[in-house]
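Structure first, then comments.
The values are calculated or read from the model by the stated rules, or taken from the named source; none is laboratory data. What you see is a predicted model, and the numbers here were worked out from it, not measured in a lab. Backbone-built Cβ (ideal geometry, glycine too); neighbour counts: all protein chains shown. Note: accessible area is taken over every heavy atom of the protein model, side chains too, but ligands, DNA and RNA are not part of it. Shrake-Rupley method; radii C 1.70, N 1.55, O 1.52, S 1.80 Å.
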Amino acid sequence: MNTTITDVFFDLDHTLWDFDKNSEMAFDRIFKSKYPNINTLDFIEKYAPINQACWKLYQNDQISHIELRYNRLKLSFDALDYQISDENINEIANDYIEFLTDNNHLFDGAIEVLEYLKPKYRLHIITNGFASVQDKKINNASLDGYFNTITNSELAGVKKPNSIIFDYAVNLAQTSKNNCIMIGDCLDADVNGALNAGLDAIFFNEKNIEVSQDIKQIKHLLELKKYL
C-alpha cells in the first residue's frame, strides 16, 4: 500500500466500464431492429479503430462533439461499402447513445477492486465523456456509491490530456497532486496527461501494448493491489 496516496482517480470508459462490449450490444440492438442486413461483428471490426481515431481528434480539439458522433458512423459505413443517408446516420447516433447506457458490463475485477480501495482511499473519476451519458453509465452500473467526485470534460472546459482537467479534478477533490494517482487505459490522455500535470499514474494495459519500463502498468484491475 502506497502511504503517500490518499486519492485515486479512475478513467471510466475502457478502464472500469467495458465500452467495447457495451457498445457492441447497443449496435446489435439497433441493427437487428432496423438494419437486419448489417452484421454487427463486421461493423464493429471497422468501427472500433475508427471510433478510437475520432476520439483522439476530439480529445485534441480537432473535431467537435457533433462531428465525432457523425464521423465515426459515416466512416464505418463507408469502410463497409454500405450506402446510408445522413438522416439515418443521425438517427443511429441518437439511438446508440440512448441504448449504450442501458448496458452495464464492467471489466473483470472492477467491483472487487473498488471494494478493496474504498476503505483506504478517496476515489474519483476523470472522464472525457459527455456528462449526461457518463452519469447514466455510472448510475446504471451501480458505481455511483464508490466515488467522492466525478470530473468530466464539460465541467472542466477541457479534455484529458490537458493539465487543466487534472487541476480541476484535484481542486474538486480538495487534495494535493502529490497525494494523487490516475488509472486509465490511454497512454496519452490518462497516463502522460496525469504525469505532465504532476500526478502519479498507472496504465491499465488490458490490450498488452508494449510500453516503457518506467511506466507503472497493470493488465488486470486486481493487480492494483500491488500498488495500492
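The table that follows gives values for the structure above.
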quantity: Cross-link reach list, aspartates and glutamates versus Lys225, counting only Cα pairs under 19 Å and skipping chain neighbours closer than eight places; calculated: Asp7, Asp11, Asp108, Glu112, Glu115, Asp185, Asp200, Glu206, Asp214
quantity: Selected from Gly198, Asn171, Val211, residue furthest toward positive end of dipole (the range 160-228; charges at beta carbon); calculated: Asn171
quantity: Ranking by accessible area, most exposed first, for His220, His124 with a 1.4 Å probe; calculated: His220, His124
quantity: Inverse mean reciprocal Cα-Cα distance (Kirkwood Rh) of the range 20-148, Å; calculated: 16.2 Å
quantity: Accessible area (Å², per residue) of the range 1-152, counting only protein heavy atoms and a probe of 1.4 Å; calculated: 48 Å²
quantity: Sorted peptide list for 189-195, 23-29, criterion being average Cβ within 10 angstrom, highest first; calculated: 189-195, 23-29
quantity: Mean Cβ neighbour count within 10 Å, used as a protection proxy, ranking 199-205, 88-94 highest first; calculated: 199-205, 88-94
quantity: Only Lys, Arg (+1) and Asp, Glu (-1) charged, at Cβ; the range 73-121 dipole about Cα centre in debye; calculated: 420 debye
quantity: Alpha carbon Rg of the chain, scaled by the compact-globule rule 2.2 N^0.38 Å; calculated: 1.03
quantity: Dipole axis of the range 68-147 (+1 Lys, Arg; -1 Asp, Glu on Cβ), positive-most option in Asn88, Asn71, Pro119; calculated: Pro119
quantity: Cα point-scatterer Debye curve for the range 87-188, base-10 log of I(q)/I(0) at q = 0.13, 0.17 Å⁻¹; calculated: -0.54, -0.89
quantity: Computed over the chain: relative contact order in percent, which uses C-alpha pairs under 8 Å that are six or more apart; calculated: 25 percent
quantity: Lys, Arg +1 and Asp, Glu -1 on Cβ, resulting dipole of the chain about Cα centre, debye, nearest 20; calculated: 560 debye
quantity: Order by protection proxy (mean Cβ within 10 Å, highest first), peptides 108-121, 134-147; calculated: 134-147, 108-121
quantity: Ile164, Ile84, Ile125, ranked by accessible area, largest first (probe 1.4 Å); calculated: Ile164, Ile84, Ile125
quantity: Accessible carbon and sulfur surface of the chain relative to its total accessible area, %, 1.4 Å; calculated: 46 percent
